[in-house]
Amino acid sequence: MKPYSQMTAEELKQEEEALMISYRACQAKELTLNMARGKPSGAQLDLADELLYAVTPRSGYHSESGQDCRNYGAAYGIPEAQRTLAKIMDCDPKHVIVYGNSSLNLMFCIINHAFTHGINGNTPWSKLKQVKFLCPVPGYDRHFKVTEHFGIKMINIPMDENGPDMDMVEEYVNNDPSVKGMWCVPKFSNPEGICYSDEVIRRMAALNRAADDFRIYYDNAYAVHYLYDDDRPKILNLVDAANEAGHPDIYFEFCSTSKITYAGAGISGMTASENNLTEVRAMIDVSTIGYDKVNMLRNARYLKEGDAIPDVMKKHAEIIRPKFELVLELLDKEIAPLELGSWIRPKGGYFVSFHALNGCAKEIVRLAKEAGVVLTPAGAPFPYGKDPDDSVIRIAPTLPPMNELQTAMDIFVICVKLASVRKFMENA
C-alpha cells in the first residue's frame, strides 16, 4: 500500500471514490453495532453465574464475624469481602472499606464530602474561590464528568508510555494550593492501556503538596485484568511508596469486582491511610446503615476471598484476547502501511486507543455512526469532551461477538481511510 502522504492529488481522488463505494455498501446493510462502552460480553458474565448460588439457606447467610448479612450493620464491609478486595489492591484488609457495586459512586461521594465538609479539617471546597484537578489524558471520561459536575477546573496532563508528565504534575501540585486532586488509572489506563512506571509512582507518592487536602484519586480498576497469562505487568504499590515517602495521606485507592464477576452486581471498595479512612467512615456513618452484605458474601465466596481471581481472570482473557488481537491485526494490516494513525498494544485492560491524524477523530466517529457503528464520542477521553488535536478514538472491543466485531472494525477501517484521504485532499 502506498501511504496517502505520498499520493498525488489525482491518486487521492481515485482512492476517495473507491472508498465511497465500499462505504455506501456498508450503509446499505443498515447495521446496528455498538462499541461505545467497555462492557463485558455475555460470555464473560456467564463465567460468574456461580455467584447466584454462593449464598443459599444451606450455605448460610452469616459472615465469619457473626453478622447476619441479610440484616443491617457492618457499614464498612464484612471481613471476607475486605480480604477479597485487599488481594486486588495488595494492601492490609484492615485498611479496606467495602462499598456497593460502584467505585465511581464512592469517588463521587468523597468529592461531594470535600465540598460540603472539607477533607481532614481543611476548608470545604464550596467555600474556596476555585478548585482544580489534574487529569492525565487521554483518560476516563466518567472521572471527568464527576469533576465537571462540581464545577472543578480540570487541567490536562499529557501521558507517555510511562504515565503522566510528572514534571508538569509536580509544578502544579507543589506550587498551586487550589490543586486538590488528580485522577489516575495506573494500570492498563483507560483508554491507552499504559502501566505507570515505578519512577512515576514514586514521584506521585513524594509530591510536596501546596494543599494539605490534595489527594491522588487512584482508580486501580484493571489491577488484575491481564490479556496474556505469561505476560502480567506489575506496578509499584502506591500504598508502600506513599508510606516510604512519608506521605501516607496522599491517596485514595479504589477497586471493584465489576469486570471480574457481574458488571452491575460486583462489589467495590477503597484503601487509604487511617486518617483518610476515618474521614470516609464518618461520611458512610450518616449515609447508610450498611451496603449489600449478601452480595459481599456472594463475591467473597465465589472468588475464594481473592484466591480464585487469577483463574477467573484467565478465563476472561481467553474470551477477550482474540477480540483485541483482531482489532490490532486489522489496524496493522490496513492502517499502519498507510501511515494514518498510531496505537499502543495493550497487555490488559478493556480498550485500544487509536490516535488518528489530527483533525480526523470526530469525522471518523460521524462516518462510523452513519454506517451503523456507534463508537465512544470523539473527545470523550478528555476533560469537557474537548480533544485539542481531535485525534483520539477509544475502541472498546469486549462486548460484541467476534463476527460483529469483525464487521464493525471493517467499517471502522473504511471510515479512518475516508476521513484521512479527505484530510490529505484538503491540503493537496
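The values are calculated or read from the model by the stated rules, or taken from the named source; none is laboratory data. Bear in mind the structure is a predicted one, so any value in this text is a computation, not a measurement. So basically every Cβ, Gly included, is an ideal-geometry build from the backbone, and we count neighbours across all protein chains shown. Heavy atoms of the whole protein, side chains included, go into the accessibility calculation; ligands, DNA and RNA do not. Shrake-Rupley method; radii C 1.70, N 1.55, O 1.52, S 1.80 Å.
Below are the figures for this structure:
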| item | result |
| --- | --- |
| Alpha-carbon radius of gyration plus Dmax, which is the widest Cα pair, for the stretch 234-365 in Å | 20.5, 59 |
| Extension gain, R281 back to N71 (0.36 nm per residue minus Cα-Cα distance, nm) | 73.7 nm |
| Chain lengthening between E329 and A308 when straightened (0.36 nm per residue, less Cα-Cα) | 4.4 nm |
| Efficiency of FRET from Cβ geometry, K2 and M402, R₀ 30 Å, rounded to 0.05 | 0.45 |
| Stretch gain in nm, segment S342-A18, where the contour uses 0.36 nm per residue and the Cα spacing is subtracted | 114.3 nm |
| Peptide ranges 162-172, 192-202 listed from the most packed, as the mean C-beta count within 10 angstrom indicates | 192-202, 162-172 |
| Between helix 79-89 and the chain: long-axis angle, C-alpha atoms, 0 to 90°, nearest 10 | 40 degrees |
| Separation between Cα centres of the stretch 142-206 and the stretch 385-409, rounded to whole Å | 24 Å |
| Out-of-range pairs (alpha-carbon distance over 32 Å; input K129/K259; K87/K180; K132/K304) | K129/K259; K132/K304 |
| Label-point separation, N243 to D49 (7 Å along Cα→Cβ), nm | 4.3 nm |
| At 0.890 mPa s and 25 °C, Stokes diffusion of the stretch 213-294 via Kirkwood alpha-carbon radius, µm² per second | 166 µm²/s |
| Above-threshold pairs, the threshold being 30 Å between Cα atoms, out of K39/K333; K234/K362; K153/K362 | K234/K362 |
| Helix 103-116 axis, angle to the chain major axis (alpha carbon atoms, nearest 10°) | 70 degrees |
| Protection proxy ranking of 30-43, 4-17 - average other beta-carbon atoms within 10 Å, highest first | 30-43, 4-17 |
| Heavy-atom accessible area per residue - the stretch 289-342, 1.4 Å, Å² | 42 Å² |
| With Cα atoms, 0 to 90° folded angle of helix 402-427 axis to the chain main axis | 60 degrees |
| Percent carbon-and-sulfur accessible area, the chain, ignoring ligands, DNA and RNA, probe 1.4 Å | 48 percent |
| Separation of the N162 and E199 label points, Cα + 7 Å toward Cβ, nm | 0.3 nm |
| At R0 = 30 Å, FRET efficiency that the Cβ-Cβ distance of R422 and T32 yields, to 0.05 | 0.75 |
| Hits among lysines - C-alpha to C-alpha of K13 under 21 Å, sequence gap 8 or more where chains match | K2, K417, K423 |
